[in-house]
1. Mind listing whichever residues of the stretch 141-159 are of a type in the set (A, V, I, L, M, F, W, C) and in a helix (DSSP H, G or I)?
2. Could you list, in sequence order, all residues of the stretch 138-154 that are in contact (Cβ under 8 Å) with a residue 60 or more places away in the chain and either in contact with a Ser or Thr (Cβ under 9 Å, 6 or more places away or on another chain) or farther than 17 Å from A43 by Cα (or both)?
3. Kindly indicate which of L97, L90, L65 is farther than 30 Å from K241 by Cα, of a type in the set (A, V, I, L, M), modelled with pLDDT of 95 or more and more than 23 Å from the chain's Cα centre (by Cα).
4. Restricting the search to the stretch 141-168, which residues are open to solvent by less than 10 Å² (accessible area, probe 1.4 Å) and either among the polar types (S, T, N, Q) or on the phi > 0 side of the Ramachandran plot (or both)?
5. Give the residue that is modelled with the lowest pLDDT, with candidates limited to residues of the stretch 1-53 that are closer than 26 Å to V71 by Cβ and of a type in the set (D, E, K, R).
6. For the stretch 22-43, which positions are under 21 Å from D240 (Cβ atoms) and open to solvent by less than 10 Å² (accessible area, probe 1.4 Å)?
7. Which residues, taken from the stretch 122-140, are surrounded by fewer than 22 Cβ atoms within 10 Å (Cβ to Cβ) and not in a helix (DSSP H, G or I)?
8. Which of the residues spanning the stretch 207-247 are in a helix (DSSP H, G or I), farther than 19 Å from Q29 by Cα and in contact with a helix residue (DSSP H, G or I) (Cβ under 7 Å, 6 or more places away or on another chain)?
Amino acid sequence: MAEGSRAGPLAFGQVVIGPPGSGKTTYCQAMREFLARLGRSVAVVNLDPANEALPRPCALDIGELVTLPDVMASLGLGPNGGLLYCMEYLEANADWLRERLRALRGRYLLFDCPGQVELYTHHQALKNVLAQLAKWNFRLAAVHLVDSHYCTDPGKFISVLCTSLSTMLHVELPHLAFRAPCHPAAFNLDYYTEVLDLSYLVDHLASDPFFRNFRRLNEKLVEVIEDYSLVSFVPLNVQDKQSMRQVMQAVDKANGYSFGDQEHRSLEALMSAAVGADFHFSSTLAVQEKYVQSQDKAVEEEVMDL
């Protein structure tokens, strides 16, 4: 208890991760505005040394410590090697990060992280930084954003499942995966969000002459994913208030914010979080009706018009 008190009061936040172009910065800005309208004090922390085109100033920017262009120019490294070096440099200068974060105590933090996949699957630097944050009494949840086009191809979907599972096991944080709604390739949207029986995907891939040669490999990958049974997805649309509210509730439950005393909460919300009574089927069905079936209906209407 004494060690925890020296680390400072509890602070909550989200670690936003995902591949390049998955919308991490856009999500951070949208979530900041959404939470601010609810009266929550929010600060965005940019941990991406390659992100030089921030739409709005951040409360803390790693660019004050190190930038990717400077590392590439001074050490002769490429983009990937330079980004790994930047994260190692941040780990070595953890005191700098701690000092800057002290000024943000009492605020809900959104950490905008780099998009290099190696940082979340096997490299240790960012994992060690997040572990250090936990020692400083930061209660964080990993928000893993995934490109929606992965659901348009079964092979890509299996690959992103493997990446999400590897990231979840390596980062060692409460983990939530989100993806934008899209028109699925072969199955309904809930099949992809709940990650149902993946043997159907293997059979679907076997119909392709190229993937038929890798059937046994796909079966083993699917077997690993199903044995862990950890990965599922929640539809996310940053322009939809209801979608953002569902994301906020899921994250608040994961990092423990919903059990704190920072905001007024109803007994129903607390009991729902306590017993896990938050089923996403109805929300997934609503997303499918809004973003998928409505498109199909429009096509039918066009055919009738023709």
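1. Of the residues in the stretch 141-159, the ones of a type in the set (A, V, I, L, M, F, W, C) are 141-143, 145-146, 151, 157-158.
C151, F157, I158 - these are the residues of the stretch 141-159 that are of a type in the set (A, V, I, L, M, F, W, C) and in a helix (DSSP H, G or I).
2. Hits for the stretch 138-154 are A142, H144, L145, V146, D147.
3. Details: L97 fails: more than 23 Å from the chain's Cα centre (by Cα); L90 fails: more than 23 Å from the chain's Cα centre (by Cα).
The conditions single out L65.
4. S164, T167
5. That would be E52.
6. Let us first name the residues in the stretch 22-43 that are under 21 Å from D240 (Cβ atoms), namely 22-40, 42.
Y27, C28, M31, L35, listed by residue number.
7. H122, H123, Q124, W136, N137, F138, R139
8. From the stretch 207-247, those in a helix (DSSP H, G or I) are 209-212, 215-228, 241-247; that's our starting set.
Still in the running and farther than 19 Å from Q29 by Cα: 209-212, 215-228.
Residues satisfying the conditions are F211, R212, R215, N218, E219, L221, V222, I225, Y228.
The values are calculated or read from the model by the stated rules, or taken from the named source; none is laboratory data. Please read these numbers as outputs of a predicted model, since none were measured by experiment. With ideal geometry, Cβ positions are generated from the backbone for all residues, glycine too; neighbour counts draw on all protein chains shown. Note: accessible area is taken over every heavy atom of the protein model, side chains too, but ligands, DNA and RNA are not part of it. Shrake-Rupley method; radii C 1.70, N 1.55, O 1.52, S 1.80 Å.
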